[in-house]
1. How high is the FRET efficiency from residue 195 to residue 174, r the C-beta distance, R0 35 Å, rounded to 0.05?
2. What is the gain in length, in nm to one decimal, between residue 166 and residue 243 on full extension, counting 0.36 nm per residue of separation less the C-alpha to C-alpha distance?
3. Using DSSP to call loops (not H, G, I, E or B), can you name the trypsin sites (Lys or Arg not before Pro) in the stretch 99-147 whose Cβ has at most 15 other Cβ atoms within 10 angstrom?
4. Go ahead and set up a Gaussian network model of the chain, Cα springs under 10 Å, then flag whichever of 248, 99, 47 fluctuates most.
5. Residue by residue, what Karplus-based ³J(HN,Hα) values in Hz, rounded to whole numbers, does the stretch 109-123 have, using 6.51, -1.76 and 1.60 with θ = phi - 60° and x for Gly and Pro?
6. With a 10 Å Cβ neighbour count serving as the proxy for reagent exposure, in which order, fewest first, do 77, 320 appear?
7. Label residue 338 and residue 252 with points 7 Å out from Cα along Cα→Cβ: what is the distance between them in nm?
8. Before rounding to the nearest 500, sum -39500 (n - 2.57) across all DSSP H runs of length at least 4 in the chain and divide by the residue total; then give [θ] at 222 nm in deg cm²/dmol.
Amino acid sequence: MKKLILLFSASIGLLIGLQAFSTTIPWYMKDIPHMTHHLYPENCATIKYRQHIRTFFRRIHSLIVHRNNIDSAIQEIDAELEAIRAKFINKEKKALQKIKEKYDLDNHIWSQCLDDIKRVKQHNLTSLKSSQQNASHDENVSQEIKNILCDLLKQNDIHPLSISVTMADSENNALEAEAVGSVVYTDDQETLIIYPRYVIQEITFWMKNCTNSEELLAICAHEVEHILQQHMITRRIIKLYLRHYYTISADILNGCDAFNRLIKAQEQQAEIFAALRDPHVAHCMALKRKCKYYPNYLYEKHYYYLSTIDMLWKLRTYLISVKDHGGIVDDAKMRCKKLLNFI
Ligand SMILES: [Zn+2]
């Protein structure tokens with residue numbers, strides 16, 4: 001009988017665990033209508049509730065299936081986090097391919113464009129490691145924002161004085177902050193030439209006050225990730241190529257589905273990659289997106305992925321603590337002891 005119960009529990013744990021390993025959206029998400037703004041908080045509350053259930057079964061799954069080797073459970077989580085990263089790298093690649101297909105771009109010009117993007121990005125990432133002469137930090141940006149931002153930049157090997165930080169002097173309800181970057185080029189001849197020169201990149205803040213430090217961290221981490229991925233360089237160089245070789249203006253491109261797909265993929269990366277770098281950032285990102293969507297780009301599906309990453313980090317921390325306490329049995333004894341002392 002005991003064996004039967006154990007087998008039954010193991011099967012349930014395994015089934016739920018395996019379902020949760022997938023990087024695809026789960027079945028219940030299909031019932032959630034997207035882009036219905038007024039229902040967003042309710043939909044995210046439903047997702048969060050499901051994630052709690054999932055967390056519970058993931059713990060059982062890990063403890064049953066990996067009871068003799070906690071390290072393998074931790075490795076499994078690392079592989080899942082990596083699979084999520086790969087998924088979102090792929091989304092950007094597909095979006096780039098869609099732009100090429102949409103405008104039937106010549107193979108040679110397109111590969112030159114991708115090479116220029118890669119070259120300028122690499123050059124900029126090197127420049128970002130040291131302070132730059134013309135970079136400045138606006139005194140109108142609050143000290144709290146500066147502290148959070150500078151900590152994040154340093155953690156990611158970016159010198160805080162390699163970029164400028166400014167407070168916008170106009171109102172913009174749609175934006176909280178924005179990373180801006182440009183390139184040096186000449187397009188007065190037949191060939192467009194893009195130079196690998198670093199132009200001071202900038203993070204501009206629109207929100208003046210934010211009482212919630214977790215939300216502030218999420219906003220700063222989003223912009224720092226744009227800098228780390230050099231997203232604005234990709235967008236800028238594609239616009240330059242399409243204008244120079246195909247007379248397609250930036251306005252036309254901004255209204256094009258394929259280009260918007262690229263922007264969406266990069267906005268997703270800005271949050272998913274930042275969450276994959278740091279468990280606390282993942283927690284803050286998930287908290288923020290539980291209540292606020294990013295109009296036109298990030299909705300319930302995005303919250304699902306952020307809350308999954310947050311759940312995986314927390315599960316990982318739990319498994320490390322189990323391992324540190326000498327395995328499942330010793331950990332359970334220690335927790336019981338703590339509980340008894342508390343009672
Ligand atoms: Zn963004």
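1. Numbers: r = 33 Å, r/R0 = 0.93.
FRET efficiency, residue 195 to residue 174: 0.60.
2. Details: separation 77, 0.36 × 77 = 27.72 nm, distance 2.94 nm.
Going from the current span to full extension adds 24.8 nm.
3. On the way: sites: 100, 102, 118, 119, 121, 129, 146; in loops: 129.
Taking the stretch 99-147 and a limit of 15 other Cβ atoms within 10 Å, the loop trypsin sites (Lys or Arg not before Pro) found are 129.
4. In this elastic network of the chain, the residue with the biggest mean-square fluctuation among 248, 99, 47 is 248.
5. Per-residue couplings from phi come out as 5, 5, 5, 5, 4, 5, 5, 4, 4, 4, 5, 5, 4, 4, 4 Hz.
6. Values: 77 18, 320 14.
The most exposed by this proxy come first: 320, 77.
7. Spacing of the two 7 Å Cα→Cβ label points: 6.2 nm.
8. Numbers: 12 runs with 225 residues, N = 343.
Calculated from helices alone, the mean residue ellipticity at 222 nm is -22500 deg cm²/dmol.
Readers should treat all values here as calculations from the given coordinates under stated rules, not as data from a laboratory. On a predicted model such as this, the values are computed, not experimentally measured, just so you know. Virtual Cβ from ideal backbone geometry, glycine too; neighbours counted across all protein chains shown.
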